[in-house]
Each structure stands twice: as C-alpha cells, then as structure tokens.
Amino acid sequence: QVQFVESGGGSVQPGGSLRLSCAASGIIFSIYAMGWYRQAPGNPRESVARITTDSTTNYADSVKGRFTISRDNAKNTVYLQMNSLKPEDTAVYYCNYANASPGRGYWGQGTQVTVSS
C-alpha cells in the first residue's frame with residue numbers, strides 16, 4: 001500500500017532555509033506527478049508546489065521564487081527546497097500525488113516547519 005514519509009522540517013529564523021524530503025513506497029513513483037502541501041493551524045490544507053513526471057514544476061504564488069520542488073525517481077523521493085522563509089510559511093508540510101484532494105484520502109504524518117524569530 002502507498003506510504004509517504006516526510007522529513008526535514010524544523011525551526012528556523014525568518015530568512016532561513018530548509019530542505020524537505022518525502023520518501024514514497026508502495027507505488028511506481030516515476031509515473032506519478034507529485035506535490036507538496038501544507039496546513040497551518042486553523043487553515044485548510046493547501047497546495048504549495050507540483051512536479052510532473054517530466055519534472056515540469058508549478059508553484060503557489062505565495063512561494064514562487066523562494067521554494068523549489070524536485071524529484072529523484074531512483075530514490076522514490078520528492079524534495080522541497082525552501083529559501084527566504086517567512087513566518088507565514090509555518091505549517092505542517094505533506095507530500096502526496098499532485099492531484100490529491102487536500103481534505104480526503106491518505107496523508108502521511110507530515111513534517112513541521114516553524115519560522116520564528
């Protein structure tokens with residue numbers, strides 16, 4: 001069965017950087033477009049970045065120019081490089097299929113990102 005395991009979160013000051021990783025298992029990873037999502041306290045889960053099977057990417061306006069999504073099909077892993085972090089980036093970050101419904105279906109445990117001075 002599918003499993004997504006997110007890691008790499010932590011606490012950083014504004015302007016800092018983090019690199020998140022998501023290891024996928026139970027699927028043929030290379031044939032799926034993948035995405036990163038986040039959920040801040042009191043808010044619904046939202047899409048942050050997506051990457052297709054040929055590594056075409058797109059981003060939410062709020063993170064464009066600061067975040068970079070990438071994938072390594074040999075490792076069944078998708079990454080999210082986050083630079084110039086802002087307090088409003090504080091959230092639990094999840095990976096999933098690019099077309100996942102943010103409010104339904106299977107979701108991993110996520111990884112907490114806290115941006116605070």
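Quick notes on this structure:
- Sequence of 89, 72, 54 from largest to smallest accessible area, 1.4 Å probe: 54, 72, 89
- In range of the label at residue 19: residues from the range 56-83 whose backbone nitrogen is under 11 Å from the point 7 Å along Cα→Cβ: 79-82
- Surface composition of the chain: carbon plus sulfur atoms contribute 46% of the solvent-accessible area (1.4 Å probe, protein chains only, all chains present).
- Given +1 at the Cβ of Lys and Arg, -1 at the Cβ of Asp and Glu and no other charges, the dipole of the chain around its Cα centre is 20 debye to the nearest 20.
- Protein heavy-atom accessible surface, 1.4 Å probe, per residue over the chain: 52 Å².
- Rolling a 1.4 Å probe across all protein chains gives residue 90 an accessible area of roughly 30 Å².
- Contact order, relative form, for the chain: 37 percent (alpha carbon pairs under 8 Å, 6 or more residues apart, mean separation divided by residue count).
- Computed on the range 50-96, with alpha-carbon pairs under 8 angstrom and 6+ residues apart, the relative contact order is 27 percent.
- Exposure of residue 34 as accessible area (Å², to 10), given a probe of 1.4 Å and all protein chains: 0 Å²
The values are calculated or read from the model by the stated rules, or taken from the named source; none is laboratory data. These numbers were taken from a predicted model, which means no experiment stands behind them. Backbone-built Cβ (ideal geometry, glycine too); neighbour counts: all protein chains shown. The accessibility values were calculated without ligands, DNA or RNA, using every heavy atom of the protein model including side chains. Shrake-Rupley method; radii C 1.70, N 1.55, O 1.52, S 1.80 Å.
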